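**Q** Mind looking over this structure? Questions follow.
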Amino acid sequence: MEMEIYQMKKNYILEDIDCAVCAAKVEKEVAKIDGVLSSKVTFMTQSMTLEFEDSKAEEAEKAMLKLVEKLEPDVTVRKR
């Protein structure tokens, strides 16, 4: 019997992300977090859209915030 996975989508602003390579690195690494189903970072708009497994969204969001701070200490993440 297959369990249905419920998804949650959230949008964020990545203030002060300063290069496309940095944005790509954040997108790639955030996608590896348990509970993150997809990660899309757009450098031009300094935005990130994440899809989470609903049951893991809170933990995955906390992990994302810590990871972005580690990868790009000058970037501020805000909910859109």
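The values are calculated or read from the model by the stated rules, or taken from the named source; none is laboratory data. Keep in mind that this is a model prediction, so the values were computed, not measured. All Cβ positions, glycine included, derive from the backbone under ideal geometry; neighbour counts span all protein chains shown. With ligands, DNA and RNA removed, areas are computed over all heavy atoms of the protein, side chains included. Shrake-Rupley method; radii C 1.70, N 1.55, O 1.52, S 1.80 Å.
**Q** Among Lys28, Lys70, Lys40, which one shows the highest mean-square fluctuation when the chain is modelled as a Gaussian network with alpha-carbon springs under 10 Å?
**A** Comparing Lys28, Lys70, Lys40 in a Gaussian network model of the chain, the most mobile one is Lys70.
**Q** Would you mind checking the tilt of helix 20-30 against the longest principal axis of the Cα atoms of the chain, expressed as 0 to 90 degrees and rounded to 10?
**A** Taking the Cα atoms of the chain, the angle to 20-30 is about 30 degrees.
**Q** Still on this model: Counting only C-alpha contacts under 8 Å and six or more residues apart, can you give the relative contact order of the chain as a whole percent?
**A** For the chain, the relative contact order is 41 percent.
**Q** Quote the accessible area belonging to Lys56 in square angstrom, nearest 10, computed with a 1.4 Å probe and with ligands, DNA and RNA left uncounted.
**A** For Lys56, the solvent-accessible surface is approximately 60 Å².
**Q** How far is helix 57-71 tilted, in degrees, relative to the longest principal axis of the Cα atoms in the chain, given as a value from 0 to 90 rounded to the nearest 10?
**A** That helix lies at roughly 20 degrees to the long axis.
**Q** Which option, (1) 13.0; (2) 12.6; (3) 15.7, is the value of Kirkwood radius over Cα pairs in Å that was calculated from these coordinates?
**A** (2)
**Q** For the chain, build the charge dipole from Cβ charges (+1 Lys, Arg; -1 Asp, Glu) around the Cα centre, then report which of Leu67, Cys22, Thr45 sits farthest towards its positive end.
**A** Towards the positive end, the residue furthest out is Thr45.
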